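These notes concern the structure reproduced below.
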Amino acid sequence: MCGIVGFVNTTYSKDEKTEQLDQMMARIVHRGPDNTGEFVDEGVGLGFRRLSIIDLKCGNQPIFNENDSKAIIFNGEIYNYQELQDDLQVKGHTFTTNADTEVILHGYEEYGADIVKKLRGMFAFAIWDRDKQELFGARDHFGIKPLYYYHKNKTFLFGSEIKSFLDHPAFEKRVNPGALKPYMTFQYPATDETFFKNVYRVPEGHYFYVKDGELTITQYWDTEYAEESMTEEEAVDKIDKAVQETTEAHLVSDVEVGTFLSSGVDSSLVTTITKPKYTFSIGFGEHTYNESSEAKKLTEILNLSNYSRVIESEEAFNAFPSIQYHLDEPSSNASCVPLYFLAKLASEHVKVVLSGEGADELFAGYTEYGFSSNSKMVRVFAQGLKKLPKNSRFRLASRLKSARNFHGRLHLYQSLAPAEDFFIGQAKVFEESESGEYLKPKYQQSESVHDIVKKQYEKVPDLPELKKMQYLDMHQWMPKDILLKADKMTMAHSLEARTPLLDLRLMEVAEKIPSKYLLNSKNTKYAFRKAANRHLPEEWANRKKLGFPVPIKDWLHEERFYKQVREIFAADFAAEFFDQDKILDMLDRNYQEEIDARRHIWTLYSFLVWYKVYFVDEDQKN
C-alpha cells in the first residue's frame, strides 16, 4: 500500500524532474511514511511513497524487471499474487522480491495489457517501458484505489491524489465550473472531469497507454449480470462459501490486521469470520448517534478486544478542513467525519483494517432499490405485482406516479417503475431545478443529472430494473463516493483499508443470484443476510442499514456551529458561486427551525470549505 505519482515529459532536465517528483511525493507523505523511491529518465519521472505491508524488507519501489528495461510503481494489494508468481516462475521469470508489485511487472512482460484481467485485488499502477518510451497503467475492477491524470502543456501527470499535482509547473489549478451543479444533487463529484479543471479519474476497470504525447484508455472489465436457476438454500450456500473464502484471502499480510466494526451486518460478519485481535468503533456523544456501544456488544459475545472512542462536536468541526483537504474534491457525505476519526484510532494500533464496503451494491442492500414500506402487506402485494408483464408494470407505475399519496404508494411505484424514471443513486440532495436557483449563471452550465445516469443505463438496457440500479451504483455511487472516502480517510492516517465484501470472486457469485433472493417482500440483501445468520446472532443479521449516524441537525441548531457555517456562507468567495442572500436565508431559517435544510446546508458548506482550503488558504500559503 502506498501512494504513486509521476509524469511523462521530455522537456524537463533530469534535475528538474527529480525536484518535481520530490514536491509531488511530499504532498502525499501520509500515504506512505515508511519509505520513498523514484526513477527518472529522459521521458518520465516516477515517484513512490511506501506503507510497508508485504515483503517488508524487499518491497521498495520502483521495481525493475531482469534487464532494467521496465519499471513499475504500484498502489494496492493483489490477493492472488502468490499463484501468479508461481506461474510466472515456471514460464522463466526471475523474481528479486516476494512482493505483489513484481508479479504485475513480470505479468505485463508475459501477457501485456491482459495481465489486469488476471489480477484479483485493489490496484492502481504505472509501468514505464524504457525501450518504447511508453507508459502503461491501470485501475482495479471496482475503483477501490484512486488514480487521477492531467494531460496538458506537453505533460501527462498522474497520481493517487490530485493534490500531488499542485506544485508541478505544468499544472494549472482552476475550478471546473461544470462540476458544482451535479454535485449539489449527488453530494459527491459526479462528473468524469473532477472539480479541478482538466483533471480526470482513470475509470474503474480500465487501463491506459501514453506514447508520443497520446493517451488511449481501454475498458478491460465490467460486471455481467446473468441470473442462474437455483434454490434459496443454494444461493445462501454460494454466498456463504464465497464470503468466507474472500475474507480469508484479504488477510494476507506481514503486519497485524484489524477490522472496522459498526452495528451493521456487513462489518459484523467480516469481524465474526476473521476474529481479529483488534476491532475499532466510533460514535458521537449523543446516544442516537453512537454505534460503538452496539459494536462492543458483539465483541463481548465473540470475546474480542474493541477499541472505541466518542467524537466531540468541537473536534469534528475543527478537523473538517483537513477532511476536505484529504478528500481532494468536496463531498458532503457526512460519514466522512466519523470515518476520519475511526481511521485515526485504528492507525494507532494497526496498519491494515478490513471494512464492510461492497455488500450493499453486490447484494442489493439499499432501501432505495424498492423497499420503502414497513408494511408487510404492501411489500407482499408489490412482490406479486412484479410478476406482471413489463408493459403492464410500467403503465401501473405511471398511474401511481400521478396518483394522490397513500401509504405504500412510493414502495409500489419504485417496485414497478423503470429504473431510469426515478433512480439516480443513493444520494439526492438538491433537485436539479432547485440548485439552479442558488447558483450564479457561470456555474449553471453543466452536464445534467439525467445525462450523467443515462450513460450508465444505456449500457444495460435489457437488465431487470433491480440490476440496472445496482449497475448504476457500481459506476457512480460506489467509486465516486463510498470507495473514494474509504481510501482517502484511511490513507490520511497511513492506514490501509481492505474490502473483502467487494471482491472479484464474490462479484462472480453475486452476478448469478436471482433478483428474488436479493430484494423481496421480506428484506433487502435477503440471501446475504441469510448467509450472515449462520455466523451472527439474528439481531445483527437482520438490522437495517444505518451508515455512520452524524448529528448534523443538532450542530446546525447550536449557535457556535451555526455561526461557523454562517461565516463561510458570508465570505466574499462564496458570492463567486452562489446567490449569497439565498444561501444565508436558508441557513438562518434552518437555525430558527422554520425548515429542515440540513443536507442542503451541509452540501454547500462542504464545497465552500473545500474551496477555501484549495483556492484561498493554499494560494495565500504560496
Query raised in the report: Where residues in region 494-506 are surrounded by 22 or more Cβ atoms within 10 Å (Cβ to Cβ) and out of contact with any helix residue (DSSP H, G or I) (no Cβ under 6 Å at 6 or more places or on another chain), which of them is farthest from Leu354 (Cα to Cα)?
Result: Leu502
Report summary line: The one condition Pro479 fails out of (1) at pLDDT 95 or above; (2) over 21 Å from the mean Cα position of the chain (by Cα) is (2)
Report summary line: Exactly one of Ala71, Ala126, Ala113 is among the small types (Gly, Ala, Ser), in contact with a helix residue (DSSP H, G or I) (Cβ under 9 Å, 6 or more places away or on another chain) and modelled with pLDDT of 95 or more, and that residue is Ala71
**Report entry** Single condition Ser313 does not satisfy, out of (1) at pLDDT 95 or above; (2) hydroxyl-bearing (Ser, Thr, Tyr); (3) farther than 30 Å from Thr524 by Cα
**Finding:** (1)
Query raised in the report: Does Lys454 meet the test of being surrounded by fewer than 21 Cβ atoms within 10 Å (Cβ to Cβ) and outside any loop (DSSP other than H, G, I, E, B)?
Result: yes
Query raised in the report: Can you name the residue in region 587-605 that is out of contact with any helix residue (DSSP H, G or I) (no Cβ under 6 Å at 6 or more places or on another chain) and surrounded by fewer than 20 Cβ atoms within 10 Å (Cβ to Cβ) and, of all such residues, is nearest to Gln564 (Cα to Cα)?
Result: Asp588
Report task. Output the qualifying pairs, or none if there are none: Cβ atoms under 6 angstrom, residues six or more apart or on different chains, first residue in region 582-608 and polar (S, T, N, Q), second residue outside any helix (DSSP H, G or I). Result -> Asn590/Ala597; Thr603/Gln187; Thr603/Ser332; Thr603/Val429; Ser606/Pro330; Ser606/Ser332
Query raised in the report: Within region 356-391, can you find the residues that are within 9 Å of Leu412 (Cα to Cα) and β-branched (Val, Ile, Thr)?
Result: Val378
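Quick grid of which residues meet (1) within 24 Å of Gln244 (Cβ to Cβ); (2) in contact with a strand residue (DSSP E or B) (Cβ under 7 Å, 6 or more places away or on another chain); (3) outside any loop (DSSP other than H, G, I, E, B); (4) among the polar types (S, T, N, Q):
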{"site": "Gly436", "(1), (2), (3), (4)": "no, no, yes, no"}
{"site": "Lys468", "(1), (2), (3), (4)": "no, no, yes, no"}
{"site": "Asp473", "(1), (2), (3), (4)": "no, no, yes, no"}
{"site": "Pro479", "(1), (2), (3), (4)": "no, no, yes, no"}
{"site": "Ala486", "(1), (2), (3), (4)": "yes, yes, yes, no"}
{"site": "Ala497", "(1), (2), (3), (4)": "yes, yes, yes, no"}
{"site": "Pro500", "(1), (2), (3), (4)": "yes, yes, no, no"}
**Report entry** Inter-residue pairs, beta-carbon under 9 Å, first free of Cβ contacts under 8 Å to residues at least 12 places away in the same chain and in region 509-522, second surrounded by fewer than 19 Cβ atoms within 10 Å (Cβ to Cβ) and of a type in the set (Phe, Trp, Tyr), 6+ apart
**Finding:** none
Query raised in the report: How many residues are within 20 Å of Asp131 (Cβ to Cβ) and either touching a Ser or Thr at 6+ places or on another chain (Cβ under 6 Å) or assigned to a strand (DSSP E or B) (or both) if we restrict to region 62-95?
Result: 7
Query - Those strands (runs of 3 or more DSSP E) lying entirely in region 132-221 with at least 1 residues under 20 Å from Gly107 (Cα atoms) and among the charged types (D, E, K, R) - result: 134-139
Query raised in the report: Can you name the residue in region 414-435 that is touching a helix residue (DSSP H, G or I) at 6+ places or on another chain (Cβ under 6 Å) and aromatic (Phe, Trp, Tyr) and is also nearest to Thr603 (Cα to Cα) among such residues?
Result: Phe430
Query raised in the report: Within region 96-108, can one find any residue that is in a strand (DSSP E or B) and among the polar types (S, T, N, Q)?
Result: no
Requested in this report: Determine if region 194-211 includes at least one residue that is over 28 Å from Gly112 (Cα atoms), assigned by TED's automatic domain parsing to the domain that holds Gly143, of a type outside the set (Ser, Thr, Tyr) and buried (at least 22 other Cβ atoms within 10 Å of the Cβ).
Outcome: yes
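Looking for whichever is under 29 Å from the mean Cα position of the chain (by Cα) and at pLDDT below 95 here; the options are Ala531, Ala541, Ala574, Ala527. Which one fits?
Numbers: Ala531 fails: at pLDDT below 95; Ala574 fails: at pLDDT below 95; Ala527 fails: at pLDDT below 95.
Checking each option against the conditions leaves just Ala541.
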Report task. Being farther than 20 Å from Lys516 by Cβ and touching a helix residue (DSSP H, G or I) at 6+ places or on another chain (Cβ under 6 Å) is the filter here, so list the residues in region 379-400 that pass it. Result -> Leu400
Report task. Could you give me the residue pairs with C-beta distances under 6 Å whose first residue belongs to region 84-95 and is touching a residue at least 24 places away in the same chain (Cβ under 8 Å), whose second residue is charged (D, E, K, R) and surrounded by 11 or more Cβ atoms within 10 Å (Cβ to Cβ) wherever it lies, and which are 6+ apart or on separate chains? Result -> Thr94/Glu66
**Report entry** Met491 vs. criteria crowded, with 16+ Cβ neighbours inside 10 Å and touching a Gly at 6+ places or on another chain (Cβ under 8 Å)
**Finding:** yes
Report summary line: Considering region 142-163, residues that are surrounded by fewer than 23 Cβ atoms within 10 Å (Cβ to Cβ) and among the polar types (S, T, N, Q), and then whichever is modelled with the lowest pLDDT, we arrive at Asn153
Query raised in the report: Restricted to region 338-354, and to residues that are surrounded by fewer than 23 Cβ atoms within 10 Å (Cβ to Cβ) and touching a residue at least 60 places away in the same chain (Cβ under 8 Å), which residue is farthest from the chain's Cα centre (by Cα)?
Result: His349
Requested in this report: Mind checking which helices (runs of 4 or more DSSP H) fall wholly inside region 375-429 and carry at least 3 residues that are of a type in the set (A, V, I, L, M)?
Outcome: 376-385, 390-402, 409-416
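The values are calculated or read from the model by the stated rules, or taken from the named source; none is laboratory data. Here the structure is a predicted model, which is why all the values come from computation and not from measurement. Counting neighbours? That spans all protein chains shown, and the Cβs are built from the backbone with ideal geometry, glycine included.
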